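A short write-up of the structure that comes next.
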Amino acid sequence: MKKILTLIALMLVGTAAFSQQVASRAKAMRMMAFSRPEYQIKDIKVYTDTMTVYSLSNQVIYPLGVWESMEQYITDNKLHWYRESDYRKYFDSMEVSVNRMTRIDDSYLDLFYSIWTRKVEVLSGRINDPEIVLANGIRVGASKDDVFKVFFKKYPKSYTADVAVLKVVSAAGEVAEIYTFKGRKLKHIKIETAYKYY
């Protein structure tokens, strides 16, 4: 009898997990229909409280915009940055000059100038400061609806109600913008990259 009850319990758990996975996939497919064409969204995955959006757009690779020098970025955004430079290794034999730009609230951006793209590239960052605005217009403190409206024309509000983290990832996975919400407001933004070259 115990074996039968255990088997039934396992079947119920498996069925619930499968139905939740199917519901998440259905939600993701429906959200695809609402995506903005400029972001060229190719896939969406929903897992518990995280929605991951895969995009072919260059806007994801350059979250701060396209800049030809760090001085140009600093001058144009009119914010006071503390700037430190150091060298970091890539491919175990190369060293590149990386500039860490920090603000008083622990916001930071690690940037470097690429000799291959001739642009300023972001290695990593964490943004807590609402004065720092991404190229797509998103800033800390924005409402959850305003953030989702950047990537989607419209969508059922119930589809994003449980989302606490929105990850927007470039198609090759080299750059991820991670938007973390607290309630209905954007708490902070992280930028992560998988760059191994310069």
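The values are calculated or read from the model by the stated rules, or taken from the named source; none is laboratory data. Worth saying up front: this structure is predicted, and the values here are computed from it rather than measured. No Cβ is skipped: glycine too gets one built from the backbone with ideal geometry, and neighbour counts run over all protein chains shown. Keep in mind that these areas ignore ligands, DNA and RNA; they rest on the heavy atoms of the full protein, side chains included. Shrake-Rupley method; radii C 1.70, N 1.55, O 1.52, S 1.80 Å.
I want to check the label-to-label distance for Ser97 and Glu84. Put each point 7 Å from Cα in the C-beta direction and report it in nm to one decimal.
For the pair Ser97/Glu84, the computed spacing is 1.8 nm.
Would you work out what percent of the accessible area of segment 38-161, with all protein chains in place, is carbon or sulfur (probe 1.4 Å)?
50 percent
So between Lys149 and Ser124, what do we pick up on full extension, going 0.36 nm a residue minus the alpha carbon distance?
Gain on stretching Lys149 to Ser124: 6.6 nm.
At a probe size of 1.4 Å, how large is the accessible area of Val140, to the nearest 10 Å²?
Accessible area of Val140: about 20 Å².
Counting other Cβ atoms within 10 Å, keep those with at most 16, restrict to DSSP loop, and tell me which chymotrypsin sites (Phe, Trp or Tyr not before Pro) in segment 99-192 are left.
In loop regions of segment 99-192 (DSSP not H, G, I, E or B), the sparsely surrounded chymotrypsin sites (Phe, Trp or Tyr not before Pro) are Trp116.
Let me cross-check Glu177: its accessible surface, 1.4 Å probe, with only protein heavy atoms counted, in Å² to the nearest 10?
Approximately 0 Å² of Glu177 is accessible to the 1.4 Å probe.
Exactly which trypsin sites (Lys or Arg not before Pro) in segment 35-88 are in a DSSP loop and have at most 10 other Cβ atoms within 10 Å?
Passing both the DSSP loop test and the Cβ count: Lys78.
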